[in-house]
Amino acid sequence: MRRPGQDNAESHRRLSRRALLLGGAQIVFMSMLGLRMRYLQVDQADQFRLLAEENRINIRLLPPARGEIFDRNGVPIAVNEPSYRITMVREDAGDVEQVISQLSSLVDLDEVTLNRARAEMKRSAPFLPVTLADHISWEEMSRIAVNAPSLPGITPEVGLSRQYPIRGDFAHVVGYVGPVSDYDLSKIEDPDQLLRIPRFQIGKVGVESKLEDNLRGKAGAKRVEVNSVGRVMRELDRREGQQGADLQLTLDQSLQSYIQARLGEESAAAVVIDCQNGDILSLNSSPSFDPNLFVTGISVADYRDLTENNYRPLAAKSVQGTYPPGSTFKMVTALAALEEGIITPEDTVWCPGHLEVSNRRFHCWKRAGHGHVDLEEALRESCDVYFYDVALKLGIDKLSAVADRLGLGHKFDLPLSGIARGLNPTREWKERVRGQAWVVGDTVNASIGQGNVLASPLQLAVMTARLASGKDITPRLVKSVDGIETPHPEAQSLGFNANNLQKIRRAMFTVSNHRRGTAYGSRIIEDAYRMAGKTGTSQVRNITAAERARGVTKNEDLPWERRDHALFVNFAPYDNPRIAVAVVVEHGGGGSTAAAPIARDITLQALHGGMPPLDAYPTKDRKRIEEQQKRLRAVIPDRDGNRGGDRA
Amino acid sequence: MSYLEYTVKTVPTGIRKLLYLNWPLILLLAAVSGVGFMMLFSVAGGSFSPWAEPQMKRFGMALVLMLIVAMTPIWFWRSISGFAYVGTIVLLILVEVMGSVGMGAQRWIDLGFMRLQPSELMKITLVMALAAYYDWLAPERTSRPLWIALPVIAILLPTALVLRQPDLGTSILLVTGGGIVMFMAGVHWGYFAAVIGMIGGLVTAVFQSRGTTWQLLKDYQYRRIDTFLDPSSDPLGAGYHITQSKIALGSGGWTGRGFMQGTQSRLNFLPEKHTDFIFTTLAEEFGFLGGISLLGLYGLIILFCIAAALVNRDRFSSLLILGITTTFFLFFAVNMSMVMGMAPVVGVPLPLVSYGGSAMLVLMVAFGLVQSAHVHRPR
């Protein structure tokens, strides 16, 4: 025995004491663990359960199909086409490069996209699909589908992409969509989550942009359970989205396409509206562009071609362009004077070719003068001096009041981009904007639609429709949304004296039907389609006294951008007006030579509902028109967007 | 020698020893291990592979090993304590020199059929060596500085080696476990007070040294401490483990989501769900009741062991049992504190539940020693 039992016993007692202490400490600590467990699992359970759900559940948006756009007869203008793309899932593909080389033997693969895909694959999780090719054709798609077994990890995916089958003809009205840009997002307060979906398309201009809210629809969503690296384990539930609303426009595709072809490569704009209810039947601007180029992102070169073109193909000239209305404004002056009782239709004015007003000489376009002219003759032959004289008696206030009632200076509420207000000048306007007092010379200039007056082709068409109907016609572009007719107030009378209106209409009739009328060359001889119109030629430069003495330079001798704008407005048929037309040919020269023939063709096309018979034209024009119709038929697209040339 | 006091007649011999085993303890161990199998089955998505099946085989092996150890007389184990300690130190040095690299730390020797982690073994052999030392040492010398220096060196030497690996969790277990054995042996209170004071100073030094040339811990160890102190500071980085662990645990509620219904673990939000963080899966699937039940099982194991130590009149046996109990206690206490966000993530598995061969084997051998001490106790 090395140690006495006593010692042993005492050390054992001490050991027992300390062992009990240890056991006690351990139990205390375990109680702490238990309390902590209780705190986390019972007291805080709700909060943690919520966090766990957030961890686990991911909401994936299901993009809705965008609403489609049709013309008044149901011809598709903007549709959703299936767009095919090829994606690859790295973990299924195995040897990525080998699969890619197999794939490239079947379809053309773009090296830039491929490199981007390779870089993306390195970064992202192996189960996430990476796009290898976008917007591939149906043929290529089917080739891949047939060879699917030898292409592990390759999935063809179908999405919807916007397509404009008629291409350029509606580009200025309908506009186009494009991928959402950071700029788009920055403009929108509280953007829809949908916009964050890669490749999601949003309206950029025109109807596509202005009616975006109707067209877009509501996103659906599916709730999926994901694991910690985002792999989808299963779908929990799914709520289908709501498709965007289809739109029907008041436009007529066959007329719109005809006009686009008729305007050709001129820098021009044309508007046709129904002069009883204001439906816009066509709204053209030329030259145009293919909106399909913008859908997937336009190339820099293509975009430069569009922006550096002097004829400004991107501008919607029919609503965005403003022009001095020139002589097409004379109906306003005439109507205002008749309404105010300042003149009677029979009163005449002596036109010696110019008029002196406060020591300034205002010229008539006809240097030799028109002699004695009454109202009808003045409009028919577009005598400037007559309107100078009338306007001096009338004053600007009454003139601009009538112009206002006819819709000039009004910005109509249409879902189009950049609609111009134009300008119907008043004393108040000049003082506010120019800081100058109105002078009588301003009134003289305004009387013939020069000086400060500015109007868009749409406004001119509305003005003509109001003259033709006597009602406050307002233009309408959207016929129905989602099958529900767009409410449009019945046009009310403008309160003009019917006799006065009739005098104006009669005078306009003579413009294109009287031998001395400025548009007699563009007359229609088919009685059912006869039109009443007014030519306009608006100066875009000042003619100096020296130039006038020398002889005014002819338009053909001027550089294009200094030539006069050619305008023509008309309504037809004369005895029962159905449509009002406005045509502006930028720097086209004279209204009677450049704009009136186009307006006549448009009028006939619109009234006849297709290419009119040659008998509607004067005999001497028929041969030329026949050739023109043949030429146009070859380029006008049909309702599926096929051009005459394509069908050959 | 105290075992000479044994009344040899009363010590069971041969196969009869089986009847004298501490059976409730064995049943408790099996129950805890059973919980482990169930959880490993669950985290594998309802499959015995890859974890539950090997774990069950290892438990079978370990159970046999435990019985062999239990049947071997305790005096044999005492006599080899010193050799076992020295042998483990040699193994620790060996892994330092030639151990294979895994998880950024050199921790094991590949024996072919299993990987041996000498640091696991160390937890037991250190306790054995200390118990043998204090059994040999005359009680009146226990608190003399010279006789304290020796066990302190015996504790600090392996601790330093383990820290170099680096394995913070095991070093804490070694120091605490060793310290407790010394305390049980009767070393004076004052020393412990002094050491605790020094540790306080050391902790301060550790924080002070950060970013200086004499930085005491590795950067990742500092980051773990940081994230322990404020897990939300880096929810996707280093704080991810603790945050996700608390979410899983907390979302279990009273009764849990049900067996194999734990979304956090099944969807891989939980890190190391089959090893260090297996308790969160249990708590998520079986809720507070499940968690507290496992804690209760552990508590019972501790109680049975302490009772066994108290009834044992042999000093070596008592110290050994208490040391092993403490080590076991530290295992689950540190692990649970860690997953419940009460301690930094130091990489300590949940004993008998976490997947892992070395830890299971070593723990079962340790309980074999407890059983041996119990069977061969003086009566």
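The values are calculated or read from the model by the stated rules, or taken from the named source; none is laboratory data. Keep in mind it's a predicted model, so treat the numbers as computed, not measured. Note: ideal-geometry Cβ built from the backbone for every residue, glycine included; neighbour counts use all protein chains shown.
Of all residues in segment B:284-301, those satisfying the criterion of being of a type outside the set (A, V, I, L, M, F, W, C), at the interface with another protein chain (Cβ under 9 Å from one of its Cβ atoms) and more than 16 Å from the chain's Cα centre (by Cα) are B:GLU284, B:GLY287, B:GLY291, B:GLY296. For A:ALA133, the criteria (1) in a strand (DSSP E or B); (2) within 19 Å of the chain's Cα centre (by Cα); (3) among the small types (Gly, Ala, Ser) hold in every case but one, which is (2). Just one of the listed residues (A:VAL433, A:VAL373, A:VAL385) is under 30 Å from A:VAL205 (Cβ atoms), β-branched (Val, Ile, Thr) and free of Cβ contacts under 8 Å to residues at least 40 places away in the same chain, and it is A:VAL433. Here A:MET32 meets each of (1) assigned to a helix (DSSP H, G or I); (2) more than 9 Å from every other protein chain (Cβ to nearest Cβ) with one exception, condition (2). Scanning segment B:205-228 for residues that are assigned to a helix (DSSP H, G or I) and hydroxyl-bearing (Ser, Thr, Tyr), we see that the one that is farthest from the other protein chains (Cβ to nearest Cβ) is B:SER209. Within the option set B:LEU320, B:LEU361, being away from chain A (no Cβ under 11 Å), buried (at least 24 other Cβ atoms within 10 Å of the Cβ) and part of a helix (DSSP H, G or I) holds for one residue only, B:LEU320. Can you pull out every residue in segment A:61-96 that is farther than 26 Å from A:ASN292 by Cβ, assigned to a loop (DSSP other than H, G, I, E, B) and among the charged types (D, E, K, R)? Of everything in segment A:61-96, just one residue is farther than 26 Å from A:ASN292 by Cβ, assigned to a loop (DSSP other than H, G, I, E, B) and among the charged types (D, E, K, R), namely A:ASP95.
Quick grid of which residues meet (1) closer than 24 Å to A:SER469 by Cα; (2) surrounded by fewer than 19 Cβ atoms within 10 Å (Cβ to Cβ):
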residue: A:SER358; (1), (2): no, yes
residue: A:TRP365; (1), (2): no, no
residue: A:ALA368; (1), (2): no, yes
residue: A:PHE387; (1), (2): yes, no
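Where helices (runs of 4 or more DSSP H) sit wholly within segment A:173-281, none has at least 1 residues that are in contact with a Gly (Cβ under 7 Å, 6 or more places away or on another chain), surrounded by 22 or more Cβ atoms within 10 Å (Cβ to Cβ) and within 14 Å of another protein chain (Cβ to nearest Cβ). Of all residues in segment B:177-204, those satisfying the criterion of being in a helix (DSSP H, G or I), crowded, with 17+ Cβ neighbours inside 10 Å and in contact (Cβ under 8 Å) with a residue 12 or more places away in the chain are B:GLY177, B:GLY178, B:GLY179, B:ILE180, B:VAL181, B:MET182, B:MET184, B:ALA185.
Once segment A:282-306 is narrowed to residues that are among the β-branched types (Val, Ile, Thr) and part of a helix (DSSP H, G or I), the residue that is farthest from A:LEU251 (Cα to Cα) is A:VAL300.
Filtering B:PRO235, B:PRO231 for residues that are modelled with pLDDT under 80, out of contact with any strand residue (DSSP E or B) (no Cβ under 7 Å at 6 or more places or on another chain), surrounded by fewer than 17 Cβ atoms within 10 Å (Cβ to Cβ) and within 14 Å of chain A (Cβ to nearest Cβ) leaves a single hit, B:PRO235.
The residue that is nearest to A:ILE343 (Cα to Cα), among those in segment A:473-489 that are of a type outside the set (Val, Ile, Thr) and in contact (Cβ under 8 Å) with a residue 60 or more places away in the chain, is A:PRO475.
When segment B:341-355 is filtered for residues that are surrounded by 24 or more Cβ atoms within 10 Å (Cβ to Cβ) and either modelled with pLDDT of 90 or more or over 11 Å from the mean Cα position of the chain (by Cα) (or both), the ones remaining, listed by number, are B:VAL345, B:LEU350, B:PRO351, B:LEU352, B:VAL353, B:SER354, B:TYR355.
Checking A:SER83, A:SER104, A:SER124 one by one, the residue that is of a type outside the set (A, V, I, L, M, F, W, C) and closer than 30 Å to A:ASP246 by Cβ is A:SER83 and no other.
Looking at the structure I just gave you, is A:GLY153 within 30 Å of A:ALA270 (Cβ to Cβ), outside the structural domain of A:VAL635 (by TED's automatic domain parsing) and either at pLDDT below 80 or of a type outside the set (Asp, Glu) (or both)? Talk me through it step by step, then tell me what you get.
Details: within 30 Å of A:ALA270 (Cβ to Cβ): no; outside the structural domain of A:VAL635 (by TED's automatic domain parsing): yes; either at pLDDT below 80 or of a type outside the set (Asp, Glu) (or both): yes.
Against the criterion (within 30 Å of A:ALA270 (Cβ to Cβ), outside the structural domain of A:VAL635 (by TED's automatic domain parsing) and either at pLDDT below 80 or of a type outside the set (Asp, Glu) (or both)), A:GLY153 does not qualify.
Checking segment A:294-308 against the condition returns no match, with no residue being in contact with a His (Cβ under 8 Å, 6 or more places away or on another chain) and assigned by TED's automatic domain parsing to the domain that holds A:ALA606. Considering segment A:371-468, the qualifying helices (runs of 4 or more DSSP H), each wholly inside and each with 3 or more residues that are farther than 25 Å from A:SER493 by Cα, run over A:375-380, A:384-394, A:440-447. Checking each residue in segment A:148-187 for being among the acidic types (Asp, Glu) and more than 16 Å from A:GLY206 (Cα to Cα) picks out A:GLU157, A:ASP182. For B:GLY201, indicate whether it is within 14 Å of chain A (Cβ to nearest Cβ) and at pLDDT 80 or above. So B:GLY201 does not fit the description; no.
Condition (residue is over 22 Å from the mean Cα position of the chain (by Cα) and in a loop (DSSP other than H, G, I, E, B)) applied to segment A:153-161: is it met by at least one residue? Looking for residues that are over 22 Å from the mean Cα position of the chain (by Cα) and in a loop (DSSP other than H, G, I, E, B), one finds at least one in segment A:153-161, hence yes. Output yes when any residue across segment A:84-100 is of a type in the set (Ser, Thr, Tyr) and either surrounded by 15 or more Cβ atoms within 10 Å (Cβ to Cβ) or away from chain B (no Cβ under 14 Å) (or both), and no when none is. There is at least one residue in segment A:84-100 that is of a type in the set (Ser, Thr, Tyr) and either surrounded by 15 or more Cβ atoms within 10 Å (Cβ to Cβ) or away from chain B (no Cβ under 14 Å) (or both).
Starting from residues that are assigned to a helix (DSSP H, G or I) and within 13 Å of chain A (Cβ to nearest Cβ), keep the ones in segment B:266-283 and report whichever is modelled with the lowest pLDDT.
B:ARG266
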